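J.: The following block contains the structure, expressed as structure tokens.
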Amino acid sequence: MPSRQARLDRHRGWTAAFLLPSVGLLAVFVVVPIGLTIWLSLHTWSTQTPFSSAVYRGLGNFRELLADGPVGRDFRQALRNTFVYAGLSIAAILPLSLAFGLFIHRVAIRGTGVLRALLFSTYMVPTIAVAIVWSKLYSPSEGPFNQILGWVGVSRQPWLSSPDTALRSLVLLNVWQQVGYFTVLVVAGLTQIPDSVYEAAALDGARGPRLLARITLPLLRRTLLFNVVIALINAIQVFEPVAALTQGGPVGSTNVLTYHIRRVGIERSQGGLGSAMAVTLLLSLVVVVSLVFAVNRRGYEA
Amino acid sequence: MTKIRRGRALAAGFLVAGLALSGGVASATTPPAGGENVKISFLTHWGPDTVALLQSAVDAYHQDHPNVTVEIKAVPFGDLLTTVRAQAGGSAAPTIAGIYDLWLPELVRDGVVAPAPDAVSQDVGSNWGASTASAATVAGTVYGVPNEIDLYALNYNKKLFADAGITAPPATWDELLADAQKLTKRDGDTISQQGFGLINSWAAGVVHPFASLLASNGGSLITDGKPTLDSKQATETFALYENLVKGVKVTDPTMGTADANTAGPFLDNFVSGKTAMIIMANWWESALKSGMGDQAFADIATAPIPVGPSGDGPHSISYSWMTVVSAKASAAEQAAAWDFLSWLNGPTSGKSGASAMADILQSMGILPSRTSDIAAYTDRLNRPFMEGYVAQLANAKPFPIVVGGQEFTEALQKQIESIEFGQASAADAQKTAQADAESILAKAGGATAGTTAGTSGG
């Protein structure tokens with residue numbers, strides 16, 4: 001009979017063999033590009049030339065992002081726009097998806113299945129098609145939104161045509177498109193809460209908002225955490241609506257980082273600078289997601 | 001999360017990184033061997049109607065050259081440069097691309113476009129005007145076949161002018177301000193009809209009209225490779241913008257937004273008679289016609305750019321477009337591409353001595369640039385809307401073509417828009433614009449040093 005050590009070694013070998021295909025693909029398509037981007041962020045490099053032409057400049061690209069020149073100003077504005085867009089999107093999507101999810105799951109009326117399908121259908125439509133349709137809805141002079149507002153006595157809104165409202169208009173589009181997806185996730189989370197918990201709470205006299213605050217929300221915490229993280233990542237990757245509708249304007253008010261990185265890295269061919277922006281975005285995302293998890297953990301401990 | 005979104009999870013920088021995997025410039029100007037099948041592609045930003053005309057030309061060429069297949073790809077204007085750069089070297093790279101002349105120096109520097117063979121270079125040198133040919137030339141080498149030339153003029157709505165009791169378009173900035181005030185209508189605090197329209201969210205749409213007004217005030221954006229946005233003439237031009245928005249309040253910037261297809265509210269408002277005057281290029285004639293119909297379009301007239309207090313006369317800004325060939329295409333593809341372009345832009349492919357390209361361009365109201373095309377279209381170029389542009393060709397100043405020109409344009413765009421939306425005073429915007437321009441052009445000059453690419457003339 002083989003020794004325990006030999007059996008463990010053989011087990012490890014099989015484990016490695018089974019893991020290799022997925023881990024290998026992960027390394028090739030995720031780890032290597034990340035490593036390459038970090039390496040390029042330390043160089044001056046034109047995207048149209050081989051990697052061998054890259055010239056080392058240390059932290060020069062990052063210093064330029066922090067400096068007061070046009071590169072730094074535009075980058076910081078794009079970073080700020082990105083996180084404002086993400087924050088507003090999450091602030092709207094989270095309560096709306098929770099409300100829709102509770103309605104669909106709890107209210108026993110006909111048609112909730114249709115409502116669920118309708119809500120999710122917006123997520124199925126390609127974003128570029130959504131953006132084109134919304135460009136017509138947002139038209140300041142002839143768009144349906146302003147016509148409807150006019151019927152109720154509200155003055156014409158500039159929507160995408162003003163730096164004061166353009167980013168919020170893109171957020172509205174994002175919320176409309178994504179809320180159904182997160183509603184489905186909330187419904188899935190609600191089905192995981194056993195009815196017996198609600199029955200016990202009811203016996204203890206819990207009703208309405210108290211039931212929601214003390215039973216539903218705590219037991220839905222993991223789902224909501226997942227929703228926050230995914231909504232954050234989705235929002236930070238926003239690209240198509242900006243490219244199709246605003247081109248980052250007016251006055252850079254909708255210039256988000258993915259769009260700005262494309263402009264710098266590809267249109268201007270400044271691959272090193274674009275990579276430094278990508279690395280900064282990645283680090284920012286890691287910090288924000290870590291904060292979200294930390295806040296969630298403190299909530300558990302409390 | 002969709003696959004597309006997930007694929008972007010590591011940000012666009014990773015995409016950028018992958019683009020460097022290709023390298024090596026194919027040298028080739030030899031014609032395709034007889035009978036060898038060659039498939040090439042043509043990337044353009046033209047709309048479906050114009051693409052259909054190009055397809056007809058491609059079909060005609062294919063009849064005489066059955067071994068050459070030309071596939072047309074179309075993307076919105078906002079995606080054109082990105083597509084050219086992102087696909088360069090890949091299997092989907094377009095063999096031929098229509099590009100804006102401002103992009104050429106950097107595409108040459110980065111080895112994206114191929115030099116023209118001798119026969120094409122000689123053709124360009126002989127059959128195009130010197131300034132147009134120079135825009136397709138970098139450090140003495142021709143890289144593209146020019147096709148269209150565009151310039152700016154004041155477009156105004158004659159019906160709105162008549163309603164306001166104005167009999168002639170403004171010739172000076174003072175007249176522009178006075179007329180714009182008469183033409184502006186308000187609904188409470190909101191402008192319902194703007195006397196003068198400004199464009200935003202589209203770099204050329206913002207900067208070219210500004211540069212035209214600056215040129216008509218005796219100034220220029222760049223002189224001898226150095227930005228001159230700190231000149232007295234520039235100060236007056238920045239101040240004019242501030243006056244239009246905050247002083248006489250004859251323009252509403254929210255009515256001037258453009259989208260990725262260079263359409264949107266700025267076009268809609270002019271078409272629907274809510275903008276009385278705007279400075280725009282000749283190429284939007286087809287957009288105006290399709291939006292207004294022939295009857296309403298007859299109310300649109302063209303006039304020279306109003307002259308500023310320091311100007312010596314109206315000067316429009318002009319720019320050109322050209323077709324270039326990918327340096328990464330195979331020798332046979334490059335040869336087929338240049339042969340197709342020579343035919344497409346030559347005097348035998350179109351009607352009555354014009355090129356097929358000229359026929360396509362004229363369908364959009366765009367001025368052809370080949371000398372024989374201009375001669376062939378003399379009668380049609382004299383139509384009411386276009387003759388105002390043609391008359392300004394002699395006084396037009398080419399937009400400065402420098403390495404870093406696109407970045408310079410986008411930085412200036414932002415400062416002009418910051419005045420339009422009240423985020424900066426004219427003085428602050430001018431100061432920032434000059435500092436940014438100095439920084440961008442100095443950096444671009446540094447990046448160019450050591451390469452063989454210089455810049456073409458203006």
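Nothing in this text is a laboratory measurement; each read-out follows from the coordinates by a stated rule. No experiment lies behind these values; they were computed from the predicted model shown. Cβ coordinates were reconstructed from backbone atoms using ideal geometry, including for glycine residues, and neighbour counts include every protein chain displayed.
J.: Tally Lys/Arg at +1 and Asp/Glu at -1 over every other residue whose Cβ is under 10 Å from the Cβ of B:Phe297; what's the total?
T.: Net charge in that neighbourhood comes out at -2.
J.: Now for a different question. Greater than 27 Å separation of Cα atoms is the criterion. Which listed pairs, B:Lys397/B:Lys431; B:Lys274/B:Lys414; B:Lys226/B:Lys246, meet it?
T.: Values: B:Lys397/B:Lys431 24 Å; B:Lys274/B:Lys414 25 Å; B:Lys226/B:Lys246 30 Å.
Too far apart for the 27 Å limit: B:Lys226/B:Lys246.
J.: Could you let me know the centre-to-centre spacing of region A:219-268 and region B:165-219, using Cα atoms, in angstrom?
T.: Region A:219-268 and region B:165-219 have Cα centres separated by 35 Å.
J.: Does anyone have the angle between helix B:203-215 and the longest principal axis of chain B? Alpha-carbon axes, 0 to 90°, nearest 10?
T.: So the inclination is approximately 60 degrees.
J.: How far is the Cα center of region B:343-414 from the Cα center of region A:4-21, in Å?
T.: 70
J.: Please report, ordered by residue number, every helix of chain A (full DSSP H runs) that is 27 Å or longer along its axis going by C-alpha atoms and whose mean Kyte-Doolittle hydropathy reaches -1.0.
T.: A:4-26, A:70-106, A:166-191, A:271-301
J.: While we're looking at this one, here's another question. Less than 11 Å Cβ to Cβ from B:Val307, Lys/Arg counted +1 and Asp/Glu -1: what total charge do the surrounding residues give?
T.: Details: positive: none; negative: B:Asp174, B:Glu175, B:Asp312.
Result for the local shell: -3.
J.: Okay, next question. How large is the helix-only mean residue ellipticity at 222 nm for the protein assembly as shown, computed as the sum of -39500 (n - 2.57) over DSSP H runs with n ≥ 4, divided by its residue count, in deg cm²/dmol to the nearest 500?
T.: -16500 deg cm²/dmol
J.: Let me ask something additional. What does the C-alpha gyration tensor say about the overall shape of chain B? Classify as rounded when a/c is under 1.5, otherwise prolate if a/b is larger than b/c, or oblate.
T.: Working: a/c = 1.78, a/b = 1.45, b/c = 1.23.
Verdict is prolate for chain B.
J.: Where does helix B:426-448 land angle-wise versus the long Cα axis of chain B, in degrees 0 to 90, nearest 10?
T.: Once rounded, one gets 10 degrees.
J.: If you split all Cα-Cα distances of region A:73-301 into 5 Å bins from zero, what percentages do you get per bin, shortest first?
T.: Result returned by the calculation: 1, 6, 12, 15, 15, 15, 12, 10, 7, 4, 2, 1, 0, 0.
J.: Could you tell me which of rounded, prolate or oblate describes region A:72-149, using a ≥ b ≥ c as the square roots of the eigenvalues of the alpha-carbon gyration tensor, with rounded for a/c under 1.5 and, failing that, prolate when a/b is larger than b/c and oblate otherwise?
T.: oblate
J.: Also: Pick from A:Ala235, A:Ala17, A:Ala91: which is most flexible by mean-square fluctuation in a GNM of chain A where alpha carbon atoms under 10 Å apart are linked?
T.: Highest fluctuation among the options: A:Ala17.
J.: What is the angle, in °, between the Cα long axis of helix B:405-420 and the longest principal axis of the Cα atoms in chain B? Nearest 10 is fine, range 0 to 90.
T.: Compared with the principal axis, the helix lies near 20 degrees.
J.: Let me ask another. Once the other residues with Cβ under 12 Å from the Cβ of B:Ala354 are scored (Lys, Arg +1; Asp, Glu -1), what is the net sum?
T.: 0
J.: Same structure, new question: If you average the alpha carbon positions of region A:38-105 and of region B:415-434, how far apart do those two centres end up, in angstrom?
T.: 25
J.: Moving on. Under a Cβ-only charge scheme (Lys and Arg +1, Asp and Glu -1), can you give me the dipole magnitude of region B:284-370 about the Cα centre, in debye to the nearest 20?
T.: 180
J.: Quote the charge dipole size of the protein assembly as shown about the Cα centre in Debye, to the nearest 20; the model charges only the Cβ of Lys and Arg (+1) and of Asp and Glu (-1).
T.: 3600
J.: Taking the simple approach of a point 7 Å from Cα along Cα-to-Cβ for both A:Val84 and A:Arg210, what is their distance in nm?
T.: With each label placed 7 Å out from Cα toward Cβ, I get 4.3 nm.
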